[in-house]
Each structure stands twice: as C-alpha cells, then as structure tokens.
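Q: Below you will find the structure I want to go over with you.
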Amino acid sequence: LQVSNLTFNDVISERTDGTNVIDIDKAIALMEDNNFIRESSQIETLSLGLAFGRLNIFAGHQLRFNAFINYPKTLPQLAWNGNAQFIGQEINFAPDVQLFAYNEFAVGAAYEVNEMITIGGKIKYLSGVEDVSTEGSRLNLLTDETSYQLTLNADYRVNSSGTLTYN
C-alpha cells in the first residue's frame, strides 16, 4: 500500500493517557491539493512444478489486484469536517478511481542445456475478474452563503464490469 504525503508515524498522536490514536485532522493538514492511494496485491493459489531429468515443467495460478485512487484534499475535508468550512465556495471532491482484478494462469517449461545454461519459457493467460473506473472528474458542491442551500453539479461516470451492479 502506498499513500502519498503521509506515513503512519505522521498521523499518530499520543493522548495524555499515553495511548496512541490516529489523528485525522493532522492527516488532512499534511495532505496536498491532490493525493493518491496505490495498492497492488497478488495471491498465488496454485503452483506446481515437475522435473523429468533435464526438463522441468510448471503451471500456476495467481489472482492479481491493482488499485489507484487519486483524490482531492477536499474529499477527506468534506467527509471529516462537513461543508461548513466551504460556505460560499464551490469545491470539487471527485476521486479518480481505477480498480481492476484478474486471474493469471501460467504454464511453462525449462530445459537444462548444461550446468551453465538453462533455456525456458512461460505462457500466461489473463482473464478479467472485475474493473471499476471513473470518467469525468467533477463533483462540485456549492454551499450558499445566505440560505446554506446545497447545489451539486456533477459530471462523473462510474464504469464497471464483473460482479458489481448498481442503478
């Protein structure tokens, strides 16, 4: 997991009783105007290899997941402290989201020519599991100065494939 502009030690504060807590206000203060979260993981579910003298064959499966979320500082500000801090301002709080997961099936072989040289290859088949991504990056919120009326102006699309369904 990679988070821009923040580390774990940056956002931990010690209370007067000696316990450590995550300080959200401190985390928000450390953020830039644009921030990101990146995650990549893989789960190896099967891996099999067999040797027949100088010939080795192998097969395997992995589930891979990648995520990239770019978000403006206004998103956590709005979520944590509400909209009162933005009265009379139009703010954009739209995150750009790119999430995808896929299966990776692989088979391969290697042949030991001599003690110094082994030649091999691997073929992979990739099969998508899920994809969620956004287009347009405008979710603007305006809080009126006099009536405190909220106006949301949006140009934001969520694209998905796989098991996620929504209306």
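The values are calculated or read from the model by the stated rules, or taken from the named source; none is laboratory data. Everything numeric in this text was worked out from a predicted model, so none of it was measured. Because the Cβ atoms are built from the backbone with ideal geometry, glycine has one as well, and the counts that use them run over all protein chains shown. Surface areas here come from the heavy atoms of the whole protein model, side chains and all, with no ligands, DNA or RNA. Shrake-Rupley method; radii C 1.70, N 1.55, O 1.52, S 1.80 Å.
Q: Within a Cβ distance under 14 Å of ILE28, other residues only, what is the Lys/Arg minus Asp/Glu net charge?
A: -3
Q: Highest mean first, what order results for 44-53, 68-77 on Cβ atoms within 10 Å?
A: Numbers: 44-53: 9.9, 68-77: 18.4.
So the order, starting with the most tightly packed, is 68-77, 44-53.
Q: Give the span of region 86-167's Cα atoms along each principal axis, as three whole-Å numbers ordered largest to smallest.
A: 83, 30, 13
Q: Using bins 5 angstrom wide from zero, how does P(r) for region 1-114 break down, in % of all Cα pairs?
A: P(r) over region 1-114, rounded to whole percents: 2, 9, 13, 12, 12, 10, 9, 7, 7, 6, 5, 4, 2, 1, 0, 0.
Q: Separate question: Over the chain, what relative contact order in percent results from Cα pairs under 8 Å that are six or more residues apart? Intermediate values should be presented prior to the final figure.
A: Values: 347 pairs, mean separation 29.0, N = 167.
About 17 percent, as a whole number.
Q: Excluding residues fewer than 8 places away in the same chain, name every one of the lysines whose C-alpha is closer than 26 Å to that of LYS73.
A: The reachable lysines, counting only those whose Cα sits under 26 Å from LYS73, are LYS26.
Q: In whole percent, how big is the carbon plus sulfur part of the accessible area of region 83-125, probe 1.4 Å, protein atoms only? Present the calculation step by step, with values, prior to reporting the outcome.
A: Values: 1660 of 2830 Å².
C and S fraction of accessible area: 58 percent.
Q: What order, most packed first, do the peptides 100-113, 7-20 have when packing is the mean number of other Cβ atoms within 10 Å of each residue?
A: Details: 100-113: 14.8, 7-20: 9.4.
Ranked by mean Cβ neighbours within 10 Å, highest first: 100-113, 7-20.
Q: For ILE119 and GLN2, compute 0.36 nm times the residue count separating them, minus their Cα-Cα distance, and round to one decimal in nm. Provide the component values of the computation, followed by the final result.
A: Values: separation 117, 0.36 × 117 = 42.12 nm, distance 3.63 nm.
38.5 nm is the gain from fully extending ILE119 to GLN2.
Q: Tell me the mean residue ellipticity at 222 nm calculated for the chain from its helices only (DSSP H runs of n ≥ 4, each -39500 (n - 2.57), averaged over every residue, nearest 500).
A: Working: 2 runs with 15 residues, N = 167.
About -2500 deg cm²/dmol.
Q: For the chain, what is the accessible area per residue in Å² when the probe is 1.4 Å?
A: Working: 11480 Å² over 167 residues.
On a per-residue basis, the chain sits at 69 Å².
Q: Would you please classify the overall shape of region 1-42 from the alpha carbon gyration tensor, given that a ≥ b ≥ c denote the square roots of the eigenvalues, rounded means a/c under 1.5, and beyond that prolate means a/b larger than b/c while oblate covers the rest? Can you show the working numbers first?
A: On the way: a/c = 4.13, a/b = 1.63, b/c = 2.53.
Taking the square roots of the gyration eigenvalues as a ≥ b ≥ c, region 1-42 is oblate.
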